[in-house]
Amino acid sequence: MPTIQFQLNGAAMTVEADPDQTLLDVLRGRLGVTGPHFGCGAGECGACHVMVDGRAMASCDMPMWSVVDKVVVTVEGLGTAEQPHPLQRAFVSEQAMQCGYCVSGILISAAALLKRNPSPTETEVRAALDRNLCRCGSHNRMVRAVLRAAAETATS
Amino acid sequence: MTMPSPVPKLPVSLAANPKLSSWVRFSCEGGVAISPGKVEIGQGIVTALAQIAADELDVDIGRIELIRASTAASPNEGVTSGSLSVQQSGRALRHVCAEVRQRFLAAASERLGVDAALLDVDDGTISGPGNVRTSYWELAGDVSLDRDATAGAVAKPAATRGVAGHSVQRVDIPDKVFARPRFIHDCALPDLVHGRVLRPNLSGARLIALDETAARAVPGVVAIVRDGGFAGVVADSEAAAEAALKALRKGATWSGGEPLPDEDDLAGFLKSQPVETTVIDTRAAATTKRAARTLRRQYTRPYIAHASIAPSCAMARWDGDRLHVWTHSQGVYLLRADLAIVLKLPAENIVVEHMEGAGCYGHNAADDVALDAVLLAKVAGDRPVRVQWSRHDEMSHAPFGAAMAIEIEAELDADSEIVGWRHAIWSNGHAARPGRAAQPALLAATEIANRYPRMISTNPPAANGGGGDRNSVPLYDLPAWTVMSHRLLTMPVRTSALRTLGGQGNVFAIESLLDEIAALRGEDPITFRLRHLQDERAKDVIRAVARRAQWKPQKRTGIGHGVGFARYKNTGAYCAAIAEIEGTDDIRVRRLTLAVDVGEAINPDGVINQIEGGAIQATSWVLKERVRFDRSRITSTSWTDYPILTFSEVPAVDVEIIQRPEIEPVGAGEAAHGPVTAAIANAVYDCLGVRVRDLPITRDKIIAAMELAS
């Protein structure tokens, strides 16, 4: 099996993988990175979103060959309890979830948005999260959390 | 409202599980282990229960460790459903903790030689006059909790509670934000192998032949399992299991399926089936007023999918004839009972342990996948097998919320006042949960060689809130009524509990017709409702929502407002909703304003979160959701075919809680669905002048209603 190199959460990563295997499979199965979640396997729900070269993308239908030499960030790479990403802090402050299964993908979509647009409008936040589904109905809390993170980053 | 009872009784969950130590234990490290029988399904229950325990015991909430429900040790609280967790588990825990505190104070009094009445508890430290002190943990050896609760314990008065009644942050959220494994999907048991199950595309088809050759050749395959019509694969990775399943599918031969109804004539189908008819309630008029005319209206709602964001998942491991199962089922004991039937094992041989899954919103495939894992694990020796369903199977093989046809005949006098009311429901039953019958409810039990018939869903009794008939008895003071439920005895589309059971459909129907009658009379719909209500708590939520939404906003072209009200199950939370919509033939819900009364709100932000979530989910049901099928198969098997509300479509939601700390708490999870559904439908009328009586309210339905009206 070919060797595939990419960067994962700031560290160089080399894996032997079938180039057609999905990134999500490799992350969750081989590497034990369980933040990205399986939801549909068709790139329709956003639960598996990871950042690839700064853009939020579904990893469930992303073949490994397309990840070669790319910079991949999962929710684990955003921050930790000790050093949280502003979005993680804001999601706690706003209690922005019910079940939370979709949250890791939503944090990634929001982080990618703030990277390219540090002070988005509410409409822009909603548009950026439209590829992420939430079934519990926590949308408005999440939007408030993203706006809060943006505001806190701007003033810090 | 509960009146003080002359003979004190134990809360229902505690009467069933009276041993104090099954609920609370003090660990030697200064912790308090709380062990409820209810489970976290994203509703924040573990936090609310921790608040109640912290308050009654006077310990910091950070000391409390919530033990996940397991048949090995937890109290049996049946199923986590029906918005009953705070009501049942919360009351039991409040009682238990009050009694435990009392027993420890008595022991402290003895040890310290101080009257118990003079002792105080602060974060578990018990102190009294003369600077004497001890603690729960020091006394733990002296106070046995292996004894039954007694009816006398008195909980703190509402005014002295410092934690319950406040918006404490949820205990599970940090794990979920920092991606620390908490979901069953993320649990890596040692030696785990992965399973997938082969299911037909044709509804009701049975596996009759299987060529396993290609599947066996897939690298990483551990075993192929075949038991009658049940077949699956076990492999050393998820990718290998998926590949083997794909190969297995190519080798499968299926019988013909069973025909499905016409998705465009659900009422016709529901009304043509054999049924069991129950008179739910009647009220005879005190005086017979003559009806000048009868309004006869029919309302329908489609099958609705639970559509959890996570496909159902379970793990199982055999050890000889003993079995351990990890599940996100809502009822660990109930699942165990069904597993025992299918496996012909004593229940004591089986441990069923809960782990969190994604929100389920009722009885989805959580229980089904557990039996799948158990059957596949038979070939894995002592290795645990993890099975996860596909999105396709989650959307087509899990039970759905039942379709309903509801007909109401309102008899009106010459002033269009209601003098008679007949409400009839045609629907499949709304519950086919496991563990409640001699026959298992699990999907694979209908597939194995020694198979059971598919369980036809039934309705819970009226005392438990009913099923198809939930919320069908008017809350309004009408002079006379008859309410009938016709439960189908056939079930071509599998149904079971979805949030509110029949409540959403019935409230939609009742509140739509009331709105229509108010409009006929030229009366404001809120005035009309208030005039027909006697319960002050009901009137309060309606008045509160009217105030908050500044009812009635001035009429603007293209904007409509509507109101809906219900008391969930007629005994639970009160909720009133006002919807503001805009639209011509496509409807957009701009804002939902809600007022809710759950009695004591243990965690007000948690209640608001549940009401917001319920309101948004209901908006999704109303505007978009409908399980699709042709005459042979379910066709809405992906998010493309079963769209739900997206971030850009979600309305603003504004919630007011009427806090009543002195009244026993009830749940909030299902209170909003009915009122919001009706409020949107009534706003559509306000906006467009047409009544859409068939859900979902889509562009096509609006155009059809307009054509009918013209």
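Table: residues versus (1) buried (at least 21 other Cβ atoms within 10 Å of the Cβ); (2) β-branched (Val, Ile, Thr); (3) closer than 18 Å to B:Ser308 by Cα.
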position	(1), (2), (3)
B:Asp319	no, no, no
B:Thr327	yes, yes, yes
B:Cys360	yes, no, yes
B:His363	yes, no, yes
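For B:Gly229, state whether it is modelled with pLDDT under 95 and of a type outside the set (Ser, Thr, Tyr).
The answer is no for B:Gly229.
Rundown of residues vs (1) aliphatic (A, V, I, L, M); (2) buried (at least 24 other Cβ atoms within 10 Å of the Cβ); (3) closer than 28 Å to B:Ala549 by Cα; (4) at pLDDT 95 or above, yes/no style:
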site: B:Val598; (1), (2), (3), (4): yes, yes, yes, yes
site: B:Lys624; (1), (2), (3), (4): no, no, yes, yes
site: B:Pro651; (1), (2), (3), (4): no, no, yes, yes
site: B:Pro661; (1), (2), (3), (4): no, no, yes, no
site: B:Ala709; (1), (2), (3), (4): yes, no, no, no
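Collect the residues in the range B:183-223 that are facing another protein chain (nearest Cβ under 8 Å) and either surrounded by 21 or more Cβ atoms within 10 Å (Cβ to Cβ) or modelled with pLDDT of 95 or more (or both), keeping them in residue-number order.
B:Phe183, B:His185, B:Asp186, listed by residue number.
Specify which of the listed residues (B:Arg296, B:Arg317, B:Arg226) is in a strand (DSSP E or B), touching a helix residue (DSSP H, G or I) at 6+ places or on another chain (Cβ under 8 Å) and over 28 Å from B:Thr640 (Cβ atoms).
B:Arg317
Residues to consider are B:Ala402, B:Ala424, B:Ala438; find the one that is surrounded by fewer than 18 Cβ atoms within 10 Å (Cβ to Cβ) and not β-branched (Val, Ile, Thr).
B:Ala438
Six or more apart or on different chains, Cβ atoms under 7 Å: show the pairs whose first residue is in the range A:86-108 and farther than 10 Å from A:Val75 by Cβ and more than 7 Å from every other protein chain (Cβ to nearest Cβ) and whose second is aromatic (Phe, Trp, Tyr) and assigned to a loop (DSSP other than H, G, I, E, B).
Listed by first residue and then by second, the contacts come to nothing, as the list is empty.
Would you confirm whether any residue within the range B:56-66 is surrounded by 24 or more Cβ atoms within 10 Å (Cβ to Cβ), touching a strand residue (DSSP E or B) at 6+ places or on another chain (Cβ under 8 Å) and within 21 Å of B:Pro157 (Cα to Cα)?
yes
Hey, could you check the range B:240-286 for residues that are within 16 Å of B:Ile208 (Cα to Cα) and not small (Gly, Ala, Ser) and say which is nearest to the chain's Cα centre (by Cα)?
It comes out as B:Glu258.
Among the residues of the range B:403-456, write down those that are part of a loop (DSSP other than H, G, I, E, B), under 30 Å from B:Ala518 (Cα atoms) and of a type in the set (A, V, I, L, M).
Once the filter is applied, which keeps residues that are part of a loop (DSSP other than H, G, I, E, B), under 30 Å from B:Ala518 (Cα atoms) and of a type in the set (A, V, I, L, M), the range B:403-456 yields B:Ala403, B:Ala414.
For the range A:34-130, list the helices (runs of 4 or more DSSP H) that sit wholly inside it and hold at least 2 residues that are at pLDDT 95 or above, among the β-branched types (Val, Ile, Thr) and buried (at least 24 other Cβ atoms within 10 Å of the Cβ); which are they?
Ranges flagged: A:103-116.
Of all residues in the range A:111-127, count the ones that are out of contact with any strand residue (DSSP E or B) (no Cβ under 8 Å at 6 or more places or on another chain) and either at the interface with chain B (Cβ under 7 Å from one of its Cβ atoms) or small (Gly, Ala, Ser) (or both).
Looking only at that region, the number is 3.
The values are calculated or read from the model by the stated rules, or taken from the named source; none is laboratory data. Computed from a predicted model, the values in this text were never measured in an experiment. Cβ sites come from the backbone with ideal geometry, for glycine too, and all protein chains shown count toward neighbours.
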